[in-house]
Amino acid sequence: MNYKYEIFSCHEVGAVSNTYQISFAKDKDFQDYLDEAVEHSVVKSTAKVTAKDHIVTLSTCTGNEATRFVVQGVLVDSIKVK
């Protein structure tokens, strides 16, 4: 399968932050996490993201040991490869 993601958030985070949390007790907790990511994004997106969506998080160094730059996307399509 090939997957297509739409970017919904790009932002700097602390090296130790909830950005790297991979499970949530409730959908509301996950939705709060997603809403916070959208709110802190330095790039505004029209992508809609909900707790039911599949999310990918990419993280890279910033040149500062204490921070990372994160790009997050929401799955919008999957294409079966022959």
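What follows is calculated from the coordinates using simple rules that are stated; it is not laboratory data. Predicted model, so just to flag it, every value in this text is computed and none were measured. Using ideal geometry, Cβ is built from the backbone for each residue, glycine included, and neighbour counts are taken over all protein chains shown.
Per residue, the Cα convex hull of region 2-79 amounts to 93 Å³. Total lysine pairs in the chain at Cα distances under 15 Å, for residues eight or more apart or on different chains: 4. With the charge dipole of region 2-79 set up from +1 on Lys and Arg Cβ and -1 on Asp and Glu Cβ about the Cα centre, the Cα lying farthest toward the positive end among the listed residues Gln21, Val70, His54 is that of His54. When you restrict to C-alpha pairs under 8 Å that are six or more residues apart and normalise by the size of the chain, the relative contact order lands at 51 percent. For the listed peptides 32-43, 56-67, a ranking on the average number of other beta carbons within 10 Å per residue, highest first, reads 32-43, 56-67. Just add up the charged neighbours of Tyr5: K/R +1, D/E -1, any other residue whose Cβ is under 14 Å from the Cβ of Tyr5. Taking every other residue near Tyr5 into account, the sum is -1.
Among Ile79, Ile22, a tally of other beta-carbon atoms within 10 Å of each Cβ gives an order, fewest to most, of Ile22, Ile79. One chain, two ends: Val42 and Asn18. Fully extended at 0.36 nm per residue, the span grows by 6.8 nm beyond their Cα-Cα distance.
Full extension of the chain between Val56 and Val76 gives 6.1 nm of extra length, using 0.36 nm per residue less the Cα-Cα distance.
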